[in-house]
Amino acid sequence: MSFGPHLLLATLEGLVTSAVLALTALGLSLVFGVMRVVNVAHGEFFMLGAVLAWWIASLATGHPAIGFLLALVVSPLIVGAIALVAERLVLRRLDYNPEATIVATIGMLYIIQQLALTFYGPEARPVEAPFSYRILFPWFGYSGYKLSVIAFSAILLLATWFVLTRTRIGLVMRATQYDRETAQAFGIPVGRVYAGVFAMGAMLAAIAAVLIVPIQQAHYLMGLDPLLLSFIVVIIGGLGSLRGTVVAAVLIGLSDGIISVFFSPTLAKIIATMIVAMVLVFRPQGLFGTAAR
Amino acid sequence: MTSALTISGLDCFYGEVQVLHGLDLDLRKGEVLCLLGRNGAGKTTTLKAIMGLVPARSGSIVLGDRDLTKLAAHDVPKAGIAYVPQGRRLFAEMTVAENIEIGLMTRNKGSQTRESVLALFPLLRDRLRQRSGTLSGGEQQMLAMARALCLEPEVLLLDEPTEGLMPSMIAKIRETVAKLRERGVSTILVEQRVDAVLSVADRVSFIENGRNRETVGVETLRGDPAFVQRYVGVG
């Protein structure tokens, strides 16, 4: 294959990575932005989403699309409910103290991971893609499902943006983010907003995971990479900035895809980590973040 | 005269430090009551305690027939108390319109309330799409008051609304307080300087070490400057 088509293939692979990464990182960014909680267990919510997707899809019979669509709806709901319980039982009791919640979410990471190992096992299991249509370019065929992942993720990101900037729910979330005390003085139930945001963050990770399981298999250790990459994306883009998160996810996803294809995946990781270091040195608030007031 | 808000025996703590010691306060319907006192006397804490932002360890805060200390912080404004915090505390990243919208949402008020509030501060109408953090100090204070008035409150709490403003703005704020009194809003006004309140207040409570030492009418105060010397004078 000549250089042009090769680059196109690498770009498409990079965009799929970007799409899934943007959703996952957005969840992390929302939770930190509104609650000031660094959720180390975020990757485990991603893993849970994938594992549950396998379980739900294996229960369904008939066309693979039925099982997949069922998983796409039910799995994030279950993960959201688990996150809600974790928020009420753990984070709220710590009064959302920034240091204490880091330690607590590390604990949550191990508990969720070990539960998955106990009940799901150490095997990697695939979920069948809802359709197997291949788009034929003149040079190579490409999975139609992968392209639909990019489109679905873009729609979901737009929907999140719309909710945050154009609806009352978004207004309440932003008010809580900017000034918790004043928000309460205007009737905003801050505790409930926190619970909702934490559940929503986990659900975004779970949706991303359901989208990826037909491409990558579900495994109990699969949460580590998305967590690391989400942190990288969120640091580069600026915590709490939706636009920054999306731009950084595309940047990291594309560079990962292209550099992995032409050079090596290790070099891609080295470069991503280097960008993080540079951003932290020269622009600690991130590309699109605003400096602390 | 009937009471709008009655505080009795209020104890408040920041951690282990007691800030309010059995504070008593009585706000009559339709009056402007001013809290005067030195830095750290407990004026702001009193307002925060009313809003439920600082928990009361004992004592009661009664509005109508409800004890506010029993309510969650976010239910206090719904009961009809609006708060203009010290330093304005606008949602600075949001537009003027969004700040007003948050005020309206508190008690589900509609466009009618919005119009009447904007009529009180016509200047804000031209700035609706502007980020509130970019307004001037006086405009920010107006927005903070407008946001609070969107609740159509029975009781309004104002914490040093004239702090750091130029004289023409101070006059404008005072004018607004007087206008609200005509409409029957009961107001608690926290100030540091006595000359800022004599023209608008009905009565003055002197707060010292977390206690209400004395409440007097402004006429008494005008006649006897010694009062002010005793509680807020320096040296």
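General observations
- Qualifying residue in the stretch A:180-194 (condition: in contact (Cβ under 8 Å) with a residue 40 or more places away in the chain, more than 30 Å from A:THR11 (Cα to Cα) and open to solvent by 50 Å² or more (accessible area, probe 1.4 Å)): no
- Residue match in the stretch A:217-226 (condition: under 14 Å from A:GLY14 (Cβ atoms) and part of a helix (DSSP H, G or I)): no
- Of residues in the stretch A:62-80 being farther than 14 Å from A:ALA202 by Cβ and in contact with a helix residue (DSSP H, G or I) (Cβ under 8 Å, 6 or more places away or on another chain), the one surrounded by the most Cβ atoms within 10 Å (Cβ to Cβ): A:ALA71
- 1 or more residues away from every other protein chain (no Cβ under 14 Å): qualifying helices (runs of 4 or more DSSP H) within the stretch B:77-196: B:111-120, B:122-125, B:137-149, B:167-182
- Applying the set (1) away from chain A (no Cβ under 14 Å); (2) in contact with a strand residue (DSSP E or B) (Cβ under 8 Å, 6 or more places away or on another chain); (3) of a type in the set (Gly, Ala, Ser); (4) at positive phi to B:ALA4 leaves exactly one unmet item: (4).
- When the test is whether a residue is touching a Leu at 6+ places or on another chain (Cβ under 7 Å), within 29 Å of A:PHE32 (Cβ to Cβ) and surrounded by 19 or more Cβ atoms within 10 Å (Cβ to Cβ), A:ALA83 does not pass it.
- Filtering the stretch A:210-229 for residues that are more than 14 Å from chain B (Cβ to nearest Cβ), more than 28 Å from A:PHE119 (Cβ to Cβ) and either open to solvent by less than 10 Å² (accessible area, probe 1.4 Å) or of a type outside the set (Gly, Ala, Ser) (or both) leaves an empty set.
- Residues being more than 15 Å from the chain's Cα centre (by Cα) and closer than 23 Å to B:LEU221 by Cα - total across the stretch B:8-36: 2
- Conditions (1) open to solvent by 20 Å² or more (accessible area, probe 1.4 Å); (2) in a loop (DSSP other than H, G, I, E, B); (3) over 17 Å from A:THR176 (Cα atoms); number of the one not met by B:SER60: (2)
- Reported count of residues in the stretch A:167-189, each being at the interface with chain B (Cβ under 7 Å from one of its Cβ atoms), in a helix (DSSP H, G or I) and out of contact with any Pro (no Cβ under 7 Å at 6 or more places or on another chain), is 7.
The values are calculated or read from the model by the stated rules, or taken from the named source; none is laboratory data. As the structure is a computational prediction, the values presented were derived from the model and not from experiment. Cβ coordinates were reconstructed from backbone atoms using ideal geometry, including for glycine residues, and neighbour counts include every protein chain displayed. With ligands, DNA and RNA removed, areas are computed over all heavy atoms of the protein, side chains included. Shrake-Rupley method; radii C 1.70, N 1.55, O 1.52, S 1.80 Å.
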